[in-house]
Amino acid sequence: TAAPLSFPAEKHLVLLRDGRTLIGYLRSIDQFANLVLHQTVERIHVGKKYGDIPRGIFVVRGENVVLLGEIDLEKESDTPLQQVSIEEILEEQRVEQQAKQESEKLKVQALKERGLSVPRADTLDEY
């Protein structure tokens with residue numbers, strides 16, 4: 001029988017261009033920074049809380065990678081952040097995004113009152 005493949009147990013954090021954070025075991029990388037992550041979780045931070053959504057095997061196209069770094073497993077548990085359930089962190093994220101949208105509306109309204117116009121975000125490039 002063939003011996004099972006063994007991979008180094010190096011956990012990595014990947015920050016994506018759209019702002020998402022992935023944590024998983026790096027299984028493959030190529031010259032374009034295309035990644036394959038195993039046992040991946042998507043970590044959502046809101047204030048001093050975070051939640052992890054299990055995502056499994058994740059293939060990331062290199063152009064979407066902003067940052068890739070190894071996680072020090074000894075220091076990983078030494079965090080001031082509090083882990084909460086997926087439902088709780090998704091609700092916190094929804095509330096935070098709603099507050100951000102309200103703030104943006106007020107800002108646009110204040111600029112309009114002063115005779116200024118702001119280009120809509122969806123008409124701009126996301127670079």
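Restricting attention to the stretch 41-56, does a residue exist that is open to solvent by less than 100 Å² (accessible area, probe 1.4 Å), of a type in the set (Lys, Arg) and in contact (Cβ under 8 Å) with a residue 40 or more places away in the chain?
Yes.
Considering only residues of the stretch 31-40 that are out of contact with any Phe, Trp or Tyr (no Cβ under 7 Å at 6 or more places or on another chain) and in contact (Cβ under 8 Å) with a residue 12 or more places away in the chain, which is farthest from Leu90 (Cα to Cα)?
From the stretch 31-40, those out of contact with any Phe, Trp or Tyr (no Cβ under 7 Å at 6 or more places or on another chain) are 31-36; that's our starting set.
Remaining after also requiring in contact (Cβ under 8 Å) with a residue 12 or more places away in the chain: 32-36.
Values: Phe32: 32, Ala33: 29, Asn34: 28, Leu35: 26, Val36: 25 Å.
Residue satisfying both the conditions and the ranking: Phe32.
Do you know which residues across the stretch 18-47 are among the aromatic types (Phe, Trp, Tyr) and in contact with a Gly (Cβ under 8 Å, 6 or more places away or on another chain)?
Phe32
Just one of the numbered conditions (1) over 19 Å from His12 (Cβ atoms); (2) surrounded by 10 or more Cβ atoms within 10 Å (Cβ to Cβ); (3) modelled with pLDDT under 90 is not true of Arg114; which one?
Condition (2) is where Arg114 drops out.
Could you list, in sequence order, the residues of the stretch 81-102 that are among the polar types (S, T, N, Q), open to solvent by 60 Å² or more (accessible area, probe 1.4 Å) and over 17 Å from Thr21 (Cβ atoms)?
Residues satisfying the conditions are Gln98, Gln101.
What do you reckon, is Gly69 of a type outside the set (Ser, Thr, Tyr), under 24 Å from Arg94 (Cβ atoms) and exposed (fewer than 13 other Cβ atoms within 10 Å of the Cβ)?
no
The values are calculated or read from the model by the stated rules, or taken from the named source; none is laboratory data. A quick note: this is a predicted structure, and the numbers were derived from the prediction, not measured. Ideal geometry is used to build each Cβ from the backbone, glycine not excepted, and the neighbour counts take in all protein chains shown. Only protein heavy atoms, including side chains, enter the accessible area calculation; ligands, DNA and RNA are left aside. Shrake-Rupley method; radii C 1.70, N 1.55, O 1.52, S 1.80 Å.
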